[in-house]
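Okay, structure first, notes after.
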Amino acid sequence: MSQANGISGGESARRPSGAPASEPMPPTAPGPQGGPAGPAAGPPGRERAAAERRPSGELESTILAALWAAGTPLTPGQVQSAVATELARTTVTTILSRLYEKGAVTRSRSGRGFAYTPTEDVAGLTARRMHSELRKEQDRGTVLARFVSQLTDEDERLLRDLLDGDTR
């Protein structure tokens, strides 16, 4: 399939007269019935979907919160019922599978599928994430120094107590 001016699949757009070929094409306006008319217009609702995009990790946190609240293993369908947002069961299953791969949940057979249980409480999971981030860096000393320099006075005292053996 040929591609010209960044357009493929038979779409065509005209460059404004006098515009150099090296400049990008200007966005086009929607078609007469509000649908896409050119390369700048994406699928309907794309702008709305981008504005409503969830922060990274929000779905994982939501699903873990449902598992913690239940206190018993849940299947993806049960998790789907427990969360307040409208998530497809396949989405819940995918997130649970990713949490399992990360070691954040365990799973056991339940009928033809699995039931999931968190491996740690909230504090344990946060500590795991902090360790994971620290392992990604070669210069751990600098990372830890910057982390400590950004602690509040109260958190710094707490960290000192913990390092000195006061486990609270």
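Scanning the stretch 101-118 for residues being surrounded by fewer than 16 Cβ atoms within 10 Å (Cβ to Cβ) and outside any strand (DSSP E or B) gives a total of 5. Looking only at residues of the stretch 71-86 that are assigned to a helix (DSSP H, G or I) and under 17 Å from S61 (Cβ atoms), we find that the one that is least open to solvent (accessible area, probe 1.4 Å) is V79. Of all residues in the stretch 102-124, exactly one satisfies the criterion of being hydrophobic (A, V, I, L, M, F, W, C) and free of Cβ contacts under 8 Å to residues at least 24 places away in the same chain, namely A123. Yes or no: the stretch 124-143 includes at least one residue that is modelled with pLDDT of 90 or more, within 23 Å of R54 (Cβ to Cβ) and in contact with a strand residue (DSSP E or B) (Cβ under 8 Å, 6 or more places away or on another chain). No, because not a single residue in the stretch 124-143 is modelled with pLDDT of 90 or more, within 23 Å of R54 (Cβ to Cβ) and in contact with a strand residue (DSSP E or B) (Cβ under 8 Å, 6 or more places away or on another chain). Within the stretch 134-144, the set of residues being in a helix (DSSP H, G or I) and surrounded by 11 or more Cβ atoms within 10 Å (Cβ to Cβ) comprises L134, R140, V143, L144. Remark: R89 falls outside the filter, which requires a residue to be modelled with pLDDT of 95 or more, touching a helix residue (DSSP H, G or I) at 6+ places or on another chain (Cβ under 6 Å) and surrounded by fewer than 17 Cβ atoms within 10 Å (Cβ to Cβ).
The values are calculated or read from the model by the stated rules, or taken from the named source; none is laboratory data. All of these numbers come straight from a predicted model, not from anything done at the bench. All Cβ positions, even for glycine, are placed from backbone atoms using ideal geometry, and neighbour counts span all protein chains on display. For the accessible areas, the whole protein counts, side chains as well, though only heavy atoms, and no ligand, DNA or RNA atoms are used. Shrake-Rupley method; radii C 1.70, N 1.55, O 1.52, S 1.80 Å.
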